[in-house]
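The values are calculated or read from the model by the stated rules, or taken from the named source; none is laboratory data. Bear in mind that the values here come from a model prediction, so they are computed numbers and not experimental data. Note that each Cβ is placed from the backbone with ideal geometry, even for glycine, and that neighbours are counted across all protein chains shown.
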There are 2 protein chains.
Amino acid sequence: MDKLLVIKAGGKLLEDAPRWKSLLQELSELSHPFILVHGGGNRASQVTEALGGTPKMIDGRRITTDLDLEVAVMVYAGWMNKRLVAHLQACGRTAIGLSGADGNSILSEKRPVAEHDFGWVGDVKEVNASFFSQLLGSGFTPVCCAITHDGNGQLLNTNADTIAARVAMAMTADFEVSLTYLFEKPGVLADDKDDASVIPVLNRAMYAQGKGSGQFHSGMLPKLQTAFEALDGGVVEVRISHPDHWKQGGTVIKQ
Amino acid sequence: MDKLLVIKAGGKLLEDAPRWKSLLQELSELSHPFILVHGGGNRASQVTEALGGTPKMIDGRRITTDLDLEVAVMVYAGWMNKRLVAHLQACGRTAIGLSGADGNSILSEKRPVAEHDFGWVGDVKEVNASFFSQLLGSGFTPVCCAITHDGNGQLLNTNADTIAARVAMAMTADFEVSLTYLFEKPGVLADDKDDASVIPVLNRAMYAQGKGSGQFHSGMLPKLQTAFEALDGGVVEVRISHPDHWKQGGTVIKQ
């Protein structure tokens, strides 16, 4: 089977145009296809604030209000997505920017209201693998933002790590898929205050132990959880790394 | 040849969600394909103002500053485009939202600096007809916003009327193309203070006369100019009408 890389870029990387442009140039030189999944950096917070919005939280978790959704769609599906697409074109890749609504590429459902209503947040229900295969087969490079839809006209804010994992899993029927998460740190750290403590290979037993001991916490827990789900779903390799050494460095997640 | 409708929606229509939703429902019931081209309504001005921008004008014409471009991409390619796409999905059409960068669908060039520099404004250079044919042939409904790119990574703000006309002209090789411009008025008016004075059929001689006498002025002049260019380019019918009677009403432009 042909190789396919699903690569997720988020956070500070997207706030640093020279850095993401250099990443796109390197990605464009790959001999196999890739799918880029991205968030939006901190511009969304600035725009929301300028429009008079204030973050709404329940139990430390962010609620997606009407305004938050509008700004997320503006910044992720608009400004960030189109700049990435335009730059990939300049690098010689025919890119197509997608929200989950485009081509019905990613269908989600509004997170059910249990104890709390988290607002316009969507949990991924289905990835349209045949649509992605059709695009890849025609030589296009899909660029997916963290916005999905529910099939009834409602856009939904969705976790970009989850989108990347679900897209990667969906493509395993047609491709040998690798998944790479790029973030600020050089990899998964044994000691999160020490950037030199990168764990080169992390397996499920190490994850269970580190989760129990509190070594892994906060945002790293769902990221690792998603990484193992991707492996369970047939993805051949998951890497968590820094944009400066995304090809070889960082942490490889193994079963 | 199969029929294709290129329909441009702009202005106040896009500020009225129930109205554009009902238009999309009607469009979705067409037995032939269509391409939707849209602007963004007045949300862009509100967002620009909230972000501290002030309109910059030269000789009464708007300059597209860095912030203006960012907001145009956010509102047109983001919030407006993705809502239209999501709603078309709900109406049973598999829509794909596009800026000119996506699939290299519309290549433009920054308007050359002569007497003035109008900023990040693009003039259409080339429409990628084979890409649109490929999408239409696969059953997709393209939804184009008024943002293009220059092929070197630069996004550009582009007139939506021009995009609609150029897309319509480019598709005449494969389709029998009609072009419809929707706007606030019931059609081209003989007396722009009298909504009952719709001119049902307007030909080039009437246009030349009305232009000379000042009967047609302001924004109507470039719209009519573009309409005649579309006819010259092989489009079989151009209609300028109101969203409430877009199928039959308004003004039909003839050679």
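Points to keep in mind about this one:
Every residue, every condition in (1) among the hydrophobic types (A, V, I, L, M, F, W, C); (2) within 18 Å of B:Ile163 (Cα to Cα); (3) modelled with pLDDT under 95, yes or no:
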| site | (1), (2), (3) |
| --- | --- |
| B:Glu26 | no, no, no |
| B:Leu36 | yes, yes, no |
| B:Pro55 | no, no, yes |
| B:Ile58 | yes, no, yes |
| B:Gly97 | no, yes, no |
| B:Gly103 | no, yes, no |
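- Of all residues in region B:193-240, exactly one satisfies the criterion of being modelled with pLDDT under 95, aliphatic (A, V, I, L, M) and under 14 Å from the mean Cα position of the chain (by Cα), namely B:Met220.
- Region A:130-155, residues that are under 13 Å from the mean Cα position of the chain (by Cα) and either modelled with pLDDT under 95 or farther than 15 Å from A:Val6 by Cβ (or both): A:Ile147, A:Thr148
- Test: B:Pro55 is out of contact with any helix residue (DSSP H, G or I) (no Cβ under 9 Å at 6 or more places or on another chain), outside any helix (DSSP H, G or I), in the same structural domain as B:Leu24 (by TED's automatic domain parsing) and not hydrophobic (A, V, I, L, M, F, W, C): no
One line per residue, one yes/no per condition, for (1) part of a loop (DSSP other than H, G, I, E, B); (2) crowded, with 19+ Cβ neighbours inside 10 Å:
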position	(1), (2)
A:Thr162	no, yes
A:Glu176	no, no
A:Asp191	yes, no
A:Gln209	no, no
A:Lys223	no, yes
A:Ala230	no, yes
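- Residue count, region B:65-94 (criterion: more than 27 Å from A:Leu156 (Cβ to Cβ) and either in contact with a His (Cβ under 8 Å, 6 or more places away or on another chain) or modelled with pLDDT under 95 (or both)): 0
- Beta carbons closer than 6 Å, at least 6 apart along the sequence or on distinct chains, pair a first residue in region B:68-88 that is closer than 22 Å to B:Gly52 by Cβ and more than 7 Å from every other protein chain (Cβ to nearest Cβ) with a second that is β-branched (Val, Ile, Thr) and surrounded by fewer than 24 Cβ atoms within 10 Å (Cβ to Cβ) for B:Val71/B:Thr48.
- Test: B:Ser241 is over 18 Å from B:Asn159 (Cβ atoms) and crowded, with 19+ Cβ neighbours inside 10 Å: yes
- In region A:39-54, the residues that are within 11 Å of another protein chain (Cβ to nearest Cβ), in contact (Cβ under 8 Å) with a residue 24 or more places away in the chain and in contact with a Gly (Cβ under 9 Å, 6 or more places away or on another chain): A:Gly40, A:Val47
- Matching entry among B:Thr180, B:Thr226, B:Thr158 (being touching a Gly at 6+ places or on another chain (Cβ under 6 Å) and closer than 30 Å to B:Pro18 by Cβ): B:Thr158
- Verdict on A:Pro186 being in a loop (DSSP other than H, G, I, E, B), away from chain B (no Cβ under 14 Å) and without any contact (Cβ under 8 Å) to a residue 60 or more places away in the chain: no
Listed here are the residues, each with its yes/no results for (1) of a type outside the set (Gly, Ala, Ser); (2) within 27 Å of A:Val238 (Cα to Cα).
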site: A:Lys8; (1), (2): yes, yes
site: A:Thr54; (1), (2): yes, no
site: A:Ala77; (1), (2): no, yes
site: A:Leu84; (1), (2): yes, yes
site: A:His87; (1), (2): yes, yes
site: A:Gly92; (1), (2): no, yes
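- Residues (away from chain B (no Cβ under 14 Å) and either of a type outside the set (Lys, Arg) or farther than 23 Å from B:Val73 by Cβ (or both)) located in region A:15-38: A:Asp16, A:Glu26, A:Leu27, A:Glu29, A:Leu30, A:Ser31, A:His32, A:Pro33, A:Phe34, A:Ile35, A:Val37
- Residues (under 20 Å from A:Leu14 (Cα atoms), hydroxyl-bearing (Ser, Thr, Tyr) and crowded, with 20+ Cβ neighbours inside 10 Å) located in region A:39-72: A:Thr48
- Checking every residue in region B:210-218 against the condition of being touching a residue at least 60 places away in the same chain (Cβ under 8 Å) and more than 21 Å from B:Asp123 (Cα to Cα) gives zero matches.
- Unmet criterion (only one of (1) more than 10 Å from chain B (Cβ to nearest Cβ); (2) touching a Gly at 6+ places or on another chain (Cβ under 7 Å)) for A:Phe118: (2)
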